[in-house]
Amino acid sequence: MSPETLPPEALPSEGPSPEGLPSRADARRNRARVLAAARASFAAEGRMVPLGAIAARAGVGAGTVYRHFPSKEDLFEAVIADSVEGFVAEGRALAVAEDPGAAFFGFLERVVREASLNRALCEAFAREAPGRIPDAAAGARREFGDVLSALLRRSQEAGAVRADVEVADVQALVAGCAAMEQGRGPGAGVLTAVMCDGLRAERTVTKFRNGMDEAGGGAAVTRDEIGRCEMCGGPLPGDRTSRAGRPARFCGAACRQKAHRRRTRDSG
């Protein structure tokens, strides 16, 4: 049964109330109504929804809303804290999963999916600047970061996630991916898949080597973790180091000469 339909007798009373004031049961029921209405309103319209519209949706007066939440910002943060606490509870349960990698990526996909369908969550995840997170949601956000860090660490130890990623990187990716998925419409999920693929520690992960080519021309050079020749795609030598002491880029002299001829032709 939803908070809107709970009868007064279903909520515990803490004694008689002063004359003219709502009973404790009525107050608790009204607060639940306001939170439910705010959750739906913020999810659909974001933090800019008028407080009066939330009060009307809850079936109460604006004074009732202010009695429980001194400002719309307090109400918004209470809704966010409630949503994030749900993620925290799920993350803690996944922290003991037998497959850490599947648990980590499944958690990311769920968080992005839920946030992309909820404007309030998207806005909250994007608010990373220090001093901009009010106290009402700060605790829940810290707990979310702790849970995400534990899932990330376990998945890295299991070899499922690349070791050079930190929890702050993942949080930024989640915030950005949720916002972009929201713009693409419900059920897209393509960007989420790309994000997860980029975090995997598989042999096909592409890495940048100092962002410069061997000749210093400034072009970004990429090579996967097993080391592939830039000309033929074959495996690099075992030591993967050139005569000059730089990381090897070609499997042998033939491919090195081909690359030199190509650079000469292109520069001409």
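Considering all alpha-carbon pairs of region 28-75, what whole percent are spaced by more than 11 angstrom? Write out the running numbers ahead of the final one.
Numbers: 689 of 1128 pairs.
Result: 61 percent of Cα pairs exceed 11 Å.
Note down the relative contact order for region 31-186 as a percent, whole number, built from C-alpha pairs under 8 angstrom at least six residues apart. Show your work: numbers first, answer last.
Working: 151 pairs, mean separation 44.9, N = 156.
Computed over region 31-186, the figure is 29 percent.
Would you mind getting the accessible area per residue of region 34-150, heavy atoms of the protein chains only, 1.4 Å probe, in Å²?
On a per-residue basis, region 34-150 sits at 45 Å².
How many angstrom lie between the C-alpha centres of region 95-116 and region 21-55?
If we compute the Cα centre of each part, the gap is 30 Å.
Quick query: amide H of V161 versus all other amide H atoms, modeled in the peptide plane; which residues come in under 5 Å with a sequence gap of 5 or more or a different chain?
Answer set, sorted by chain and number: Q156, A201.
Run the accessible area of region 45-123 with a 1.4 Å probe and give the carbon-and-sulfur part as a rounded percent.
Working: 1860 of 3570 Å².
Looking at region 45-123 in its full context, I get 52 percent from C and S.
The values are calculated or read from the model by the stated rules, or taken from the named source; none is laboratory data. The shown structure was predicted, so the numbers you read here are calculated from the model rather than taken from an experiment. These accessible areas exclude ligands, DNA and RNA; they are computed on the full protein's heavy atoms, side chains included. Shrake-Rupley method; radii C 1.70, N 1.55, O 1.52, S 1.80 Å.
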